[in-house]
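So the structure is just underneath, and the comments pick up after that.
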Amino acid sequence: MAYTLSNMLPLGTIAPDFALTDPLDGKVKSLQELKSDKATVIFFMCNHCPYVIHLLRDIVDTAREYIDKGVSFVAINPNDVEKYIDDSPDRMALIAKVMQFPFPYLFDETQEVARAYDAACTPDFYIFDGEMKLVYRGQYDDSRPKKEVPVTGKDFKKALDAVLAGEEVDERQVPSGGCNIKWKE
């Protein structure tokens, strides 16, 4: 697992559309039905990445808080599940159920969605405004596994708060970092 930084998709990019299966209920869900007219968070994650595991409880708590404010959250797993069985749809459904995700956790089997977003790592975070324009792509916060920095979500929450307040999001953004996406050959 090579430590990889996000690619920093250009700000202002319109969110690429998608329709992916949610292993929890077997239904195909589209960006068009999941997006919010206030802010939409799309983040790439997987089940086994220590960087995701390190943040996951806080991400779930943050999602609950911001969903109540009208923000939509969508998690997407793009990993090659033939080589990384821990990221299989069955295990995605299990983790979503056990962690009580308040958001859909979708499977990007073809990896086309991850490529459209120029995703590089897990976790990789994207915040889109009400017009589905990218206003933030970057780290959740400074915390990493084995680093003595508490998980707060400060960078991520600062951007979300700005969007909800109708303010400009600071363009100085630190890339997210984590395990590289497990691309198919």
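Worth a mention:
- Positive contributions from Lys and Arg (+1) and negative ones from Asp and Glu (-1), summed over other residues with Cβ under 13 Å from the Cβ of Pro23, come out at -2.
- Near His48: Cβ cut-off under 10 Å, other residues only, Lys/Arg at +1 and Asp/Glu at -1. The net charge is 0.
- Among Met99, Met132, Met45: highest mean-square fluctuation, GNM of the chain, C-alpha pairs under 10 Å: Met99
- Debye, to nearest 20: dipole size of the range 95-185, +1 on Lys, Arg Cβ, -1 on Asp, Glu Cβ: 460 debye
- Cα point-scatterer Debye curve for the chain, base-10 log of I(q)/I(0) at q = 0.11, 0.12 Å⁻¹: -0.41, -0.49
- Compactness of the range 1-76, taken as the C-alpha radius of gyration over 2.2 N^0.38 Å, stands at 1.20.
- Lone cysteines, the chain (no partner Cβ under 4.7 Å): Cys46, Cys121
- Between the amide H of Ser36 and those of Ser72, distances stay under 5 Å, these residues lying 5 or more places away or on another chain, with hydrogens modeled in the peptide plane.
- For the range 125-185, the Rg and Dmax computed from alpha carbons only, in angstrom: 13.5, 43
- Checked against a 23 Å cut-off, the cross-linked pairs Lys133/Lys154; Lys35/Lys184; Lys27/Lys157; Lys69/Lys147; Lys35/Lys158 give Cα-Cα distances beyond that limit for Lys35/Lys184; Lys27/Lys157; Lys69/Lys147.
Readers should treat all values here as calculations from the given coordinates under stated rules, not as data from a laboratory. Keep in mind the model is a prediction, meaning the values are calculated, not measured. Neighbour counts run over all protein chains shown; Cβ positions are idealised from the backbone, glycine included.
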